[in-house]
Amino acid sequence: MSDVTLLGVLLAVVYALIIIGLSIRVIMRRLPPAVSLAWLILIFLLPLVGGFVYLLIGERRIGRRRAERARMLLARYQNELRSLHASRVESVNLGPQAQSIRRLAEATLGTPAMAGNKLQLQEGALSTLQSIIKDVDRAEHICHMEFYIWDEGGIADEVADALIRAAKRGVTCRVLVDAVGSSRFLKCRSAGRLRENGVALVAALPIGLRRLAFARPDLRLHRKIVVIDDLCAYTGSLNLVDPRYFKKRAGVGEWVDAMVRVEGPAVQALEAQFSWDWEVETDEATGALANFHLARLLPVGTTPVQVVPSGPGITRDAIHQLLLTSIYAARRELIVTTPYFIPDNAVLMALKSAARRGVETTMIVPKNLDSRLTQYASQSYFDSLLVAGVNICRFEDGLLHTKSVTVDGKFSIFGTVNLDVRSFWLDFEVTLLIYDAGFTTELRALQMRYIQGSNAIDLETWLARSARVRFVENASQLFTPLL
């Protein structure tokens, strides 16, 4: 046998082994059938390229060591929350719709609903960041912050100054930011000033060639959490940015966000989430929960709140299940705000089903996004939603970034989760399930103000758009696993 023939046989064997090995791996991952089939076709047609792409982004790998540490720590924090709040969990009196969602969240994640909270809905970035600065300036023990994006400029620099003042008077200040979302900030002067003045600043989920071999690079920390002592906490959609300066070249106007300020027992749950994230990333325990004064976590209000973390390595589809259950629980009205709308078939069907069974279903999305590909992919789903009777309002006074759901004016979902496959499966998120008609009414009023700044899509006009636009939208939808 000639050397050329032998080389050909070896290449054929390698080719077959790659296809067989990767095919078995795809099948054993038990992905949705359509997703598995797409990967198998790519691997059969282009085994080297397809195999590389699959290993890069086809699995939710966070690294074996990190995954083991995360599971161990999560169980510990869940046990602490259960033991400290067992009596309060039982006292939460909810309606049947909310009760089923509470049970699902506790069964899948182990996080209890906590009664006795006081929630303050905060609209607008500038007033929210000013409120955070005031709370940091009165901190005595800890200031913990966790953001996907921190971008310097404007009032964001004032937050950094407040942290430096706190650190100088002996407050323990820790800041956890996503390595990709905050990549520019981590190299800037403000980050250096924080570190020089005693603020512990850590980049979560760093990427690099070595990490690519063990973990998927686009799994990101998308949470936004602030905890000041055991007095208050914040979460919601706002990154630590001044919208007057943030992404001005994107041409979408100022970003529009909302946060909630929490007082009461749920502060401890948000602190537990930060502490868990910090210890997973640094292998350093904060010890903050042990120093919380339980007397200061006694009921200060009447609002039951359940803090729900989600992300790879926690549970496979917890937040997805909770969103679906909430949509199907609607009987009269369902209002959703989300900047990025890339649903899977289950969520798409749930929204259409809600409208068809007579629920007044409204989606509020921004007219313009900072990603054209995402915008076109999102629009590709509008046809079937509009035909089913879903009202779609496009917000025109900036990039609406608030993530919220209100159901029948009775309970609400508020936090960092978008209605897209990335938030469902890939990003680390935090969500509040709020079982309170009073707060939900306030949140609904904010949603109605968003509607006033929007234009509703007319079905006939939308269906009359050009074939070229339809093609671009449908082609963009093919890239949804990457969005």
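Each value in this text was obtained by applying a stated rule to the coordinates, not by laboratory testing. In this text, all values refer to a predicted model and were calculated from it rather than measured experimentally. All Cβ positions, even for glycine, are placed from backbone atoms using ideal geometry, and neighbour counts span all protein chains on display.
Data table
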quantity: FRET efficiency for D137 and A346, using Cβ-Cβ distance with R0 set to 56 Å, rounded to 0.05; calculated: 0.80
quantity: Given charges at beta-carbon only (K, R positive; D, E negative), |dipole| of the range 318-482 in Debye; calculated: 280 debye
quantity: Proxy reagent accessibility, fewest Cβ within 10 Å first, across L40, L334; calculated: L40, L334
quantity: 5 angstrom amide H check on D420, placed H, neighbours 5+ away; calculated: I342
quantity: Viscosity 0.890 mPa s, 25 °C: Kirkwood-radius Stokes-Einstein D of the range 318-482 over Cα pairs, µm²/s; calculated: 154 µm²/s
quantity: Centroid-to-centroid separation of the range 220-260 and the range 347-402 [C-alpha atoms, Å]; calculated: 23 Å
quantity: Under-5 Å amide H pairs with L399, H placed in peptide plane, nonlocal only; calculated: E254, W255, V256
quantity: Sequence-distant residues sharing a close amide H with A330 (under 5 Å, placed H); calculated: none
quantity: Residue list for the range 139-166, given a label point 7 angstrom along the Cα-to-Cβ vector of E196 and an amide N cut-off under 20 Å; calculated: 151-166
quantity: Under Karplus coefficients 6.51, -1.76 and 1.60, residue-wise ³J(HN,Hα) of the range 447-456 in Hz, glycine/proline x; calculated: 4, 5, 5, 5, 5, 5, x, 10, 10, 6
quantity: A467/E123 FRET efficiency (R0 60 Å; Cβ-Cβ; nearest 0.05); calculated: 0.90
quantity: Phi to ³J(HN,Hα) by Karplus 6.51 cos²θ - 1.76 cosθ + 1.60 over the range 257-263, Hz, x for Gly, Pro; calculated: 10, 9, 10, 10, 9, 10, 10
quantity: Derived scalar couplings ³J(HN,Hα) [the range 359-375; Karplus, 6.51 cos²θ - 1.76 cosθ + 1.60; whole Hz; x for Gly, Pro]; calculated: 6, 6, 9, 10, 10, 10, 10, x, 5, 10, 10, 7, 10, 5, 4, 5, 4
